[in-house]
Amino acid sequence: MRRHPCFRALTAHSPKRLKSPLMLVLGIETSCDETAAAVVSDSGDVYSDVVRSQIASHAPYGGVVPEIASRDHARAVVPVVREAIAASGFTLAQIDGIAVTSRPGLSGALLVGLSAAKGLAWATQKPFVTVDHLVGHLLAVLLQRPGSSAPRPEYPFIALLVSGGHTAIYRVNGPELSLVHEIGATRDDAAGEAFDKVAKLLGLGYPGGPQIDRLAAIGNAARAGVTLPRGIADHRSFEMSFSGLKSAVARHVASLPSPPQDQALADLCAAFQATIVETLVSKTVRAAAREEVPRIVLAGGVAANKGLRARMAEVCTRRELALFVPPFSSCTDNAAMIAYAGALRLSRGETDTLSEGPATKTALLRVTRKGGGKR
Ligand SMILES: Nc1ncnc2c1ncn2[C@@H]1O[C@H](COP(=O)(O)OP(=O)(O)OP(=O)(O)O)[C@@H](O)[C@H]1O
Ligand SMILES: [Mg+2]
């Protein structure tokens, strides 16, 4: 394994250090509405993981307000980084490199994390590396959190990445960008976006995913009295579409004499969630069959959905596929996944210059055309 020239084998005296010395990386994440910092080794051991959510700031608006996100990150980033270093049991001097999310995300939000990371790297002369947020989500399943003995998947694996801004199925042959291949993605809304928009029109607040999940658990889809469309149900296609589903829920609600309440609301949530889950599960399992890869990984905020986890587990058991589901804290935005992806880049000898800027789109190669049909 090639090491970056700045790599220095640690002989940390920290009592938390149990294994042989590895590369320790501080990760910073500010791509959307969570300010996060973490210290993680290149073997995936998580020493600290601090996440400060901005949900309360955005909730009155029913979604993330970019300007508010940037300002909140600017206030929080230094305290969050300090807390992550202190909680890790290491000092800044003992950290080998600085990793930061540079894409995809809100430009102003990304700029705050990037500036903080560059300032730290410059002041300490430590190697600096940028990370694609989606690669972070895809590798989150490999993190080793304290007390966890969950098995880690081998490469290759099929990953269903379902988050607030993205929904795609990937074949992941390794941790490098060039080894991640998109099999199919949404042509319009991300699954998390659909959860949030439907929750908003049902008056459930923001973020809507957890609220719909909670109500769906006590609802009965068969009693909802509506048949919702499964976008791109064609079983040969791995592309997805969720905007028609959202519109169908809106039309159904508009056709009712009054907005659904109580059990009727729970039944509608169950019907909506079941429709999304069926699309995600069936396409992911078919991708695993086509690629002849018997391992499936869930990633991203919507992977916290209990209905998705349960249905995917049921189908994987039936098809004899191994399913790897990260803990909730690794599904939603966090800096541990960024630190880990950055540590792997550094351990491959890769670094970035301090002139790196933010980008709103992922660097992963996309085969699905957003906003359009097949090419
Ligand atoms: N239990 C749940 N069920 C369904 N959706 C959920 C659940 N928990 C969180 N979500 C959804 O996950 C999304 C947030 O996930 P995440 O933080 O990974 O997205 P993001 O970082 O905003 O987007 P991206 O990673 O694409 O840039 C929100 O849309 C939220 O509603
Ligand atoms: Mg995310």
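The values are calculated or read from the model by the stated rules, or taken from the named source; none is laboratory data. Everything numeric here is computed off the predicted structure, so don't read it as measured data. In this analysis, Cβ positions are derived from the backbone assuming ideal geometry, glycine residues included, and neighbour counts consider all displayed protein chains. All accessible areas refer to the heavy atoms of the entire protein, side chains included, with ligands and DNA or RNA removed. Shrake-Rupley method; radii C 1.70, N 1.55, O 1.52, S 1.80 Å.
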- Enter the Cα centre distance for the pair the stretch 74-117 and the stretch 19-66, rounded to the nearest angstrom. 8 Å
- Message: Please list, in order along the stretch 85-98, the HN-Hα scalar couplings obtained from phi with the Karplus expression 6.51 cos²θ - 1.76 cosθ + 1.60 (θ = phi - 60°), rounded to whole Hz, x for Gly and Pro.
- Response: 5, 4, 5, 6, x, 10, 9, 4, 4, 7, 8, 8, x, 10
- Item | Relative contact order (%) - the chain, alpha-carbon pairs under 8 angstrom, separation at least six | 26 percent
- Percent of Cα-Cα distances greater than 29 Å, calculated over the chain: 42 percent
- Normalising by the residue count of the stretch 157-324, find the relative contact order in percent from Cα pairs under 8 Å and 6+ residues apart. 29 percent
- The helix 336-347 Cα axis meets the longest alpha-carbon principal axis of the chain at an angle in degrees, between 0 and 90 and rounded to 10, of 50 degrees
- Rank these residues by their accessible area, most exposed first, probe 1.4 Å: 32, 316. 32, 316
- Message: Looking at the stretch 157-324 only, what percent of DSSP beta bridges run antiparallel? Nearest 5 please.
- Response: 60 percent
- By a straight-distance test (C-alpha under 19 Å), which aspartates and glutamates pair with residue 200 as possible cross-link partners, with residues fewer than eight away in the same chain excluded? 33, 188, 189, 213, 262, 267
- Query: In the stretch 237-295, which GluC sites (Glu not before Pro) fall in coil by DSSP and have 11 or fewer other Cβ atoms within 10 Å?
  - Reply: 292
- Message: Just to be sure I understand: of the beta bridges DSSP finds with both ends in the chain, what percent are antiparallel, rounded to 5?
- Response: 55 percent
- Message: Can you give the Rg/Rh ratio of the stretch 161-254, where Rg is from the C-alpha atoms and Rh is the Kirkwood radius?
- Response: 1.04
- Over the chain, with every protein chain in place, what whole percent of the accessible area is carbon and sulfur at 1.4 Å, could you tell me? 56 percent
- Alpha carbon Rg of the stretch 157-324, scaled by the compact-globule rule 2.2 N^0.38 Å: 1.03
- Task: May I ask for the distance between the Cα centers of the stretch 137-173 and the stretch 193-226, given as a whole number of Å?
- Result: 25 Å
- With r defined as the distance between the Cβ atoms of residue 152 and residue 254 and R0 fixed at 41 Å, what FRET efficiency is calculated, to the nearest 0.05? 0.30
- Note on the structure: Plugging the Cβ-Cβ distance of residue 328 and residue 57 into 1/(1 + (r/R0)^6) at R0 = 22 Å yields, to the nearest 0.05, a FRET efficiency of 0.55
- Highest-MSF residue in the chain out of 297, 141, 315 [GNM, Cα springs under 10 Å]: 315
